[in-house]
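The values are calculated or read from the model by the stated rules, or taken from the named source; none is laboratory data. The structure displayed is predicted, hence computed values, not measured ones. Backbone-built Cβ (ideal geometry, glycine too); neighbour counts: all protein chains shown. The protein model used for the area step is the full one, side chains on, heavy atoms only, and it has no ligands, DNA or RNA in it. Shrake-Rupley method; radii C 1.70, N 1.55, O 1.52, S 1.80 Å.
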Amino acid sequence: MSSEVRERRLVVQSDYPMAEIQLLDGRGVVLARAVEHLSVSLPCGYYIIRHSAGSHVKETLLELPPGDTDLWTHAPPFDLPAPRVPPPSGNPS
């Protein structure tokens, strides 16, 4: 059995254009950060994805298992109400 640590690329996508994504190890140390899209190669293991926009913050635990392809995932969603779009104005005269 090999004691070699395997690495894999993790790609995290946010559905919010200006939201920050941070990747933390088990001690809470930030390993990587990006806005909207994070892509990083890491040893396989457990990580925390922290997703923040303004005062809204969500975290989730992620296992990065061994594999030959990139692991794609979405940042945890926020509990935000849908943006309100004003009704269209009357017919132009």
Residue pairs meeting the criteria (Cβ under 9 Å; at least 6 apart or on separate chains; first open to solvent by less than 50 Å² (accessible area, probe 1.4 Å), in the range 5-23; second outside any strand (DSSP E or B) and of a type in the set (Asp, Glu)): Arg8/Asp68; Arg8/Asp70; Leu10/Asp70; Val11/Asp70; Gln13/Glu36; Ser14/Glu36; Ala19/Glu36; Ile21/Glu36
Positions within the range 44-58 being at pLDDT 95 or above and exposed (fewer than 14 other Cβ atoms within 10 Å of the Cβ), in sequence order: Tyr46
Considering only the range 1-15, how many residues are at pLDDT 90 or above and among the β-branched types (Val, Ile, Thr)? 2
Could you list, in sequence order, all residues of the range 45-64 that are assigned to a loop (DSSP other than H, G, I, E, B) and more than 13 Å from Tyr16 (Cα to Cα)? Ser55
